Every structure is written in structure tokens, then in C-alpha cells.
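The values are calculated or read from the model by the stated rules, or taken from the named source; none is laboratory data. Here the structure is a predicted model, which means the values were calculated and not measured. Glycine gets a Cβ as well: all are built from the backbone with ideal geometry, and neighbour counts include every protein chain shown. The area values use the complete protein model at the heavy-atom level, side chains included, leaving out ligands, DNA and RNA. Shrake-Rupley method; radii C 1.70, N 1.55, O 1.52, S 1.80 Å.
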Amino acid sequence: MKFDPIIKRDIKVSSRGPGFMALIMVINVILCGAGLLGVFGRLTGMNAYGRIDPGQLLYVYMMVAGIMAVFTILVLPGRTTGIITSERDSGTLDLMIAAGLSPAGIITGKYLSSLLFGIVAVFSCFPALIIPLIYGGVGFSACLLLLMSFLPTAALVLAIGVFASSAARTSSSAAAMAYGIIIALVAGPVLIAFLVNPVIPDGSNYMAYSVLLCPGVPSVSLILDQTGNGEFIDLFFSYLGLVPNAVFMSYITLFSSVTELVMMAAFLIGAGVNITPKRRYR
């Protein structure tokens, strides 16, 4: 499978402009600003009451991680929603296929170059994430584990962008399709579970598994577990009338990460089918 030339070309093109570094800088400025303001506010409150409670800073840690989750889900897809439509508009997509590159190789090369950007963007947030931990809290290894939990989500949303770009005619319609899919994945399982709750037997747990389809579940479940707020997950399922089994609750971060990677592969396969010549000109 030939995709190395595509990766090299995309990386070279991306490095020519300031967009890559500018986006990472903006994300980190926002995260660092939120972390510093949060720490300052918590410490000011502690001084006002005359007592020090470093555990309060874990809420700032949760806030920064939450902002990271929002950026991962809403910003990263924009990186891939135009990668196929732009090639189609310029005519280079047909040239690459004529040169012997397979649809799978084109999709893989385009996706890997964007995934590299996503990995760099995620791990560049490490300094902002540890700001609330100056006075104690979870350790560096836990922060690194949390950053790694963002990678399956980043891989999924980037794959959704590639799929939308392969299916749409223009970059704007691809962006609309990608964010529509993401919104459906985030809200759909929760809404369906809420609507079918009155008609399913009490104590059923099979609908709880649909929550694994929501992007961001690995990082959200892990951050709640790290900060000792795992009961919020139980309350969430209780609100929906679901009673998941203990194994599912213990390994929800792992199960959701695997689910996101499987969905990523499915979207990439769909993207490859979409740009197959017979499929495109049918």
C-alpha cells in the first residue's frame, strides 16, 4: 500500500503556513489561561476562609480536561473535512489514482498525516493540564494517561472528517456532515436510552452499552475516576434508568476506547469506498 508520498506532501504543505502552530498556540493559551485563573480563584477562596485544601484544585484539573475534550471533539474534525474535497476540486485525486495509488492508500496517507497533527495537539496540552497540580493532586503519570485517553477520541473525530470529506462535494458540506455525525453520536445514544427507558424492563443494562458510541467517553470517565468523582457516572446511568453491570463500569474507559477505534476503522473504510472510481462515477 503506497501512502508515504501523501504523508510527506501533506506534512510539507502544512509546515509552510502558520495555521498548524497558530491553532496549537491558541488552544494552549486558552487552556493555560483557564488553568491559571482557576488556580488563582481557588487559592484566593482558600485564603479568604483561612484554610488550605489542595483537593479543591482537582476541580480546576477537571475543568481544563473538559475544555480539552471540547477542543478535541469540535476543533480537530475541521482538520480533515477538506482533505478529500480539495483534492477532488483541484483534480489531483484522479491523478493520484491514475498514478497507481489505491483508494485505501490515499485515505490512509491523508488520515495519518492529520492524525500526526492531532497527536501533537493533544500532547502539547500537557503543561496546561499540570498547572492545577502544583499544590498536589494526581501525578504526572496520571496526566499522561489522561492525555492518552484523548487519542482514541481524536482518531475517531478525524476519521469522521475524512469520511465526510470523501462523501461531500464541497468542504462546507463536508464540515456540516462531519459535525452532524459527531452531534448524533454524542446526543443520539443518550436520547434513545432516555426515550426507550419507559418500555424496557427494570434493571436492564443493554442500552447502557450504547453510551460507548459517544466521543469523549474515555477521557470523561477517566477524569472522573482520577478525581474521585466516579459516582457521577453511576448517577448518569441511574437518571436514564439503566443498571450496567460491575465489569462494564470498572472498564468503561477501556471499552469506550476500543469502541472508538472500531468506529474509526469503519469510517475510514467507508471513506475508501466513497473515493473508489466505480463508486464515484456510478
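Suppose the filter is out of contact with any Pro (no Cβ under 6 Å at 6 or more places or on another chain), under 22 Å from F194 (Cβ atoms) and touching a residue at least 12 places away in the same chain (Cβ under 8 Å); does N245 pass it? Judged against the criteria, N245 is a match. When G78, G105, G109, G118 are screened for being out of contact with any Ser or Thr (no Cβ under 6 Å at 6 or more places or on another chain), under 18 Å from A159 (Cα atoms), assigned to a helix (DSSP H, G or I) and open to solvent by 20 Å² or more (accessible area, probe 1.4 Å), only G78 passes. Determine, yes or no, whether G33 is modelled with pLDDT under 75 and part of a helix (DSSP H, G or I). In short, no. State whether one or more residues within the range 122-133 are under 19 Å from T80 (Cβ atoms), modelled with pLDDT under 95 and in contact with a Lys or Arg (Cβ under 9 Å, 6 or more places away or on another chain). No. The residue that is surrounded by the fewest Cβ atoms within 10 Å (Cβ to Cβ), counting only those in the range 81-102 that are under 21 Å from S173 (Cα atoms) and of a type in the set (S, T, N, Q), is S90.
Restrict the check to the range 55-72 and report whether at least one residue is closer than 30 Å to F126 by Cβ, surrounded by fewer than 16 Cβ atoms within 10 Å (Cβ to Cβ) and modelled with pLDDT of 85 or more. Scanning the range 55-72 turns up at least one residue that is closer than 30 Å to F126 by Cβ, surrounded by fewer than 16 Cβ atoms within 10 Å (Cβ to Cβ) and modelled with pLDDT of 85 or more.
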